[in-house]
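The values are calculated or read from the model by the stated rules, or taken from the named source; none is laboratory data. Quick caveat: nothing in here was measured; it's all calculated off a predicted structure. Backbone-built Cβ (ideal geometry, glycine too); neighbour counts: all protein chains shown. Calculation scope for accessible area: heavy atoms of the full protein, side chains included, ligands and nucleic acids excluded. Shrake-Rupley method; radii C 1.70, N 1.55, O 1.52, S 1.80 Å.
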Amino acid sequence: SFYNHSTFCDLIISDLVGIKPRADDILEVRPLIPKNKWDWFALQNLSYHGKNISVIWDKTGEKYQMGKGFHIYVDGKKISTTRDLKPVKVQMN
């Protein structure tokens, strides 16, 4: 059951939220959340390439009080914000 739990988390992180592993310092996020179906979600404190990654979608900005839109943080610093939930590629350093 531990393996099943780990596999489920992998599916959520890599497929639904859309964090795509890469060998370089580009963070690629391609969420598969259906448009206009989820008003918010947060994946926080994900260890990736020695950095702490957080990915937050808040349609109205009211759930997390961090602003409206799709936000990506690396080591606590906001590195990307888009108005819509869409694929993003950003340099992590």
When the range 24-47 is checked residue by residue, the ones that are in a strand (DSSP E or B) and either of a type outside the set (Gly, Ala, Ser) or over 9 Å from the mean Cα position of the chain (by Cα) (or both) are ILE26, LEU27, GLU28, VAL29, TRP40, PHE41, LEU43, GLN44, ASN45, LEU46, SER47
Taking LEU32 and the conditions (1) open to solvent by 40 Å² or more (accessible area, probe 1.4 Å); (2) more than 12 Å from GLY18 (Cα to Cα), which numbered condition does it fall short on, given that it satisfies the others?
(2)
Within the range 46-65, count every residue that is open to solvent by 30 Å² or more (accessible area, probe 1.4 Å) and either touching a residue at least 12 places away in the same chain (Cβ under 8 Å) or aromatic (Phe, Trp, Tyr) (or both).
8
